[in-house]
Amino acid sequence: MPLLHLESLPPRTTRKDLVRYLTTVAKIDERQLGRLDVRRSVAVIEVSESWAGRLLKALDGASWNDRRLRARMGDVGVVGSGEDHFQRLGRLLKVEAAAEAEQARVRSARLADADAEQTGTALVDLVVVDEFSGLGGRCILTLTKRNRTLTLPWTRLHSGSPVSLSQGSEASWRGVVSERADRTIRVALNEPPADLDEANRCRLDLSSDEVARQRQQAALDRARTASRERLAELRQVLLGEEAPAFDAPTEFSPIDSSLNASQQEAVRLALSARDVAIIHGPPGTGKTRTVVELIRQAVQRGDKVLACAPSNLAVDNLLERLAAAGARVVRLGHPARISPGLRAHALDVLVEEHADARMARKTAKEAFALFRQAGKWTRAKPEPGTRGAQRQEARALLADARRLESLAVERVLDGADIVCSTTTALDSEVLGTRQFSLAVIDEACQTTEPGCWIPLARCGRVVLAGDHCQLPPTVLAADAIDQGFGISLLERLVELHGTAVTRRLAVQYRMHEAIMAFSSDEFYEGELNADPSVSGHRLCDLPGVQSDMLTETPVLFIDTAGASYDEEPEPGGDSRMNPQEAALVGRKVRALLALSVSADQIAVIAPYSAQVRLLRERLPIEGLEIDSVDGFQGREKEVVIVSLVRSNRENDIGFLGDVRRMNVALTRARRFLLVIGDSATLGGHPFYQRLLGYFESIGAYRSVWEEVDA
C-alpha cells in the first residue's frame, strides 16, 4: 500500500483523533486505511492505491484546528531495510544533538558562574529592570548586572542567539537575544514568564535550538520518501543517480554593471540550470554580489525566489543588498534575530501593519469583551442560553480573527518576489504548501546537509553558493565527524559533479597580492587574481598612517622557535594559551597604534579560545577586535595578526591541522598580515612547511631574535 505522510498535526493528536479526521473531513472509508503511526506533529498512513490520490488532494493544505496540513505520498518501496543516505544523516543528526546536550550539561555542571561567564556562553548575576511588549506581541525583558555600575563582559550571546533564562534551580524560560548594549541585554520571550521574580538574580545561557533539529529531521524524512513530485527528481540528481540538466546558456544584461567576467559566467550557468548549480566564491571574490545579481535576474524572469543561508547574519547580508536594490522582499524568522535596521521587512512587522491584521485585532478584542460579559455576575438573572450564546459568538469571532491573520500572512507573502530566511526557520505553519521556482542557499558550506533539505523541499531548482575550502560546518560529535557529517551538501556535490555544475569566481577585491598568493596556489589551483585596486595597496597608503617597516610590508612572519615561547594548558579547561606569544602580539598592536593605525582597523585572530581570552584581558583597547578563526569567517580588516599558539617538543599542532581553518585566518587581512608561530612545532606538517617556505620566498620571514623589542 502507498504511504501518505502528513505533517503539522495539532499538538497531542492521537491515532483515534486522526482516524476521526480522515473519515469525517476526507470522507475515507476506514477500511481503506492500513498501518497508521503518529509521532508528535507527523503521521505516516498506509492507504489503498485507489484512495491515495484523492486523500492527498483532500489533505494537502487542509485546515485542522487552525493548522495547515502538509501531505505527500511515498511508496513503500522507497523505505528499505538497510540504512540509506537519509537514514544515515538522520542518525548522525541525533548523535550531534546528543553531543550538544552533553556539552551543555557538562558546562553547566562543571563551571561555576564566573567560569561560565568567562567562556562567553553565559551571563550571570543579572536582574530584570524592564518588561514590555515587543514585535509580534512578544515579551521583551531588559536585564543588567545586579551591580548596575558594571558593564557586561565579552560574550557570545549576540542578537538572535537562542538562550535559556533561569533563576537558581527554578525552571528556565527559552528565548532569543533581541538587543545587546554595554550595560544591558534584552531577551524576547514568546509569552510573559510565569513565576519570574524580578528582584532575584538571573542567569542567561546559550542554548541549543531543538526546533531546528526537528525541522531538519522532518526534511530528511520528506526527501527520503518523496515520489511523483519535484523533490523526488531533485533527490536523484543530488544523490548522483541522474546527471544534472542545463538549458542552453543565454546572454543576459547584467543589472549590476560592475560584475566581472567570472561573476557573469557564474550567473549565466546558474540561470541555465534545471536542477542545481554551484557558485564557488573564494575569499574576497564578491560571492554575495554575484548571488544578489542571480536573484534579481531570476525575479526579472518572473521567478519566485527563496533566498536562504545557515545564519541570520548571512541572511541579513543578502536582505540588506536586495532591499537597497528595491526588491520586494519579506524576511521570515523571529524579529529579534533580524538586524534592527532590517526589521521593517520582517513578516511579523508587515503582517501587523496589514489591514486584515488590524481587523483581526479588532475582532479579537470584541471576542474577549464578549467572553468577559458572559462571565460577569449580574443581579438580574439572564435569559436561559444567553451566556452560552455569547460564548459561542465570541468563539466564532476568534475563529474569524485567526482567519483574517492567516489571510494577512498569505497576502504579504503573495506580494513578495523574494522570501529570505535561515534554512531552519522555514515553517510549514507560515508557508503552508508554498513553492518557489528557485532556492538560493548562500554560505552553503557552513551548514550540515540536513539543513539544506528544508528549502530543497520547496523549490524547482537550487543554487548553492560558498567555499568548501574555508570553514566546514561546526560538528561537535567526533563519531559524526568520522562518518562524514561535517561534509556539506555543496562539498559533496563538487566532488560528485565537479565543473559540470560549478563556476569559480576568479578576481578578489580584498587582499594585497602577496597576502593572496599562497592561498590561491594552495587551495584554488593558482586561479585567483588580485584586482588592480587592491593588488599593491599597503597600510602606509592609508591617510595619516606613518611609513615604517610594519606599514610598508604586506606580509610578515615572526618565528618564535628556540625562544621558549611555550604553550600552556588553560587552567581548569581544555584549551591552549601562549602567554609569551600574547605579549609579542600586544607589542605589535601598540607599535601599529603608535604609527597612527586606528584600533578599529586591526584584528587579532587566535585558533584557541584560551588565547583569545588571554589577549582580551591584556589588550582592553576600544575598537580592537580579538576573536577566534570561526568568529572572523566572512570578515575582513586592514590589519590581521594571527597568533598560532602551538609550541611544544612533541610537534603537536592539534586542530591547526584543519588547514581550511588556516585558509580563513590567512585571508582576512586587506593590507597587512602578521603571523606569529613556532616553525619547529609547525614545520613537521606539510601544509605549514609550504607556508613557511612561501614566507621565506617573499622575504617575509623574521626570527623573534631579530625583534629589537622582543
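Table: residues versus (1) open to solvent by 60 Å² or more (accessible area, probe 1.4 Å); (2) at pLDDT below 75.
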residue: Leu89; (1), (2): no, no
residue: Leu93; (1), (2): no, no
residue: Ala99; (1), (2): no, no
residue: Thr119; (1), (2): no, yes
residue: Gly134; (1), (2): no, yes
residue: Ile140; (1), (2): no, no
residue: Arg148; (1), (2): yes, no
residue: Thr151; (1), (2): yes, no
residue: Thr155; (1), (2): no, no
**Report entry** Considering residues of segment 48-64 that are under 34 Å from the mean Cα position of the chain (by Cα) and loosely packed, with under 15 Cβ neighbours inside 10 Å only, the residue modelled with the lowest pLDDT
**Finding:** Gly61
Report summary line: When segment 693-706 is checked residue by residue, the ones that are within 17 Å of Ile641 (Cα to Cα) and open to solvent by 30 Å² or more (accessible area, probe 1.4 Å) are Tyr701, Arg702
Query - From Glu242, Glu210, Glu198, Glu233, residue being modelled with pLDDT of 95 or more and at negative phi - result: Glu233
**Report entry** So Glu179, is it closer than 30 Å to Val462 by Cα and open to solvent by 30 Å² or more (accessible area, probe 1.4 Å)
**Finding:** no
Query raised in the report: Within the set of pairs 6+ apart or on separate chains, which have a first residue in segment 546-565 that is closer than 11 Å to Leu674 by Cβ, a second that is among the polar types (S, T, N, Q) and open to solvent by 10 Å² or more (accessible area, probe 1.4 Å), and C-beta atoms under 9 Å apart?
Result: Phe557/Ser679; Ile558/Ser703
Query raised in the report: Inside segment 546-567, can you point out the residues that are of a type in the set (S, T, N, Q) and within 18 Å of Asp652 (Cβ to Cβ)?
Result: Thr560, Ser564
Requested in this report: Considering (1) surrounded by 13 or more Cβ atoms within 10 Å (Cβ to Cβ); (2) modelled with pLDDT under 85, say which one Ala114 fails and leave the rest.
Outcome: (1)
Query raised in the report: When only residues in segment 672-704 that are outside any helix (DSSP H, G or I) and among the small types (Gly, Ala, Ser) count, which is farthest from Asp541 (Cα to Cα)?
Result: Gly684
Query raised in the report: Counting only residues that are at pLDDT 80 or above and surrounded by fewer than 19 Cβ atoms within 10 Å (Cβ to Cβ), which one in segment 35-47 is nearest to Ala219 (Cα to Cα)?
Result: Val44
**Report entry** Residues (under 25 Å from the mean Cα position of the chain (by Cα) and either loosely packed, with under 15 Cβ neighbours inside 10 Å or farther than 27 Å from Cys469 by Cα (or both)) located in segment 632-656
**Finding:** Arg635, Phe655
Query - Count - residues of segment 500-528 that are surrounded by 17 or more Cβ atoms within 10 Å (Cβ to Cβ) and in a helix (DSSP H, G or I) - result: 10
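The values are calculated or read from the model by the stated rules, or taken from the named source; none is laboratory data. Everything numeric here is computed off the predicted structure, so don't read it as measured data. Quick reminder, even Gly has a Cβ in these numbers, built from the backbone with ideal geometry, and neighbours come from all protein chains shown. Side chains are part of the model used for accessible areas, which takes the heavy atoms of the whole protein and leaves out ligands, DNA and RNA. Shrake-Rupley method; radii C 1.70, N 1.55, O 1.52, S 1.80 Å.
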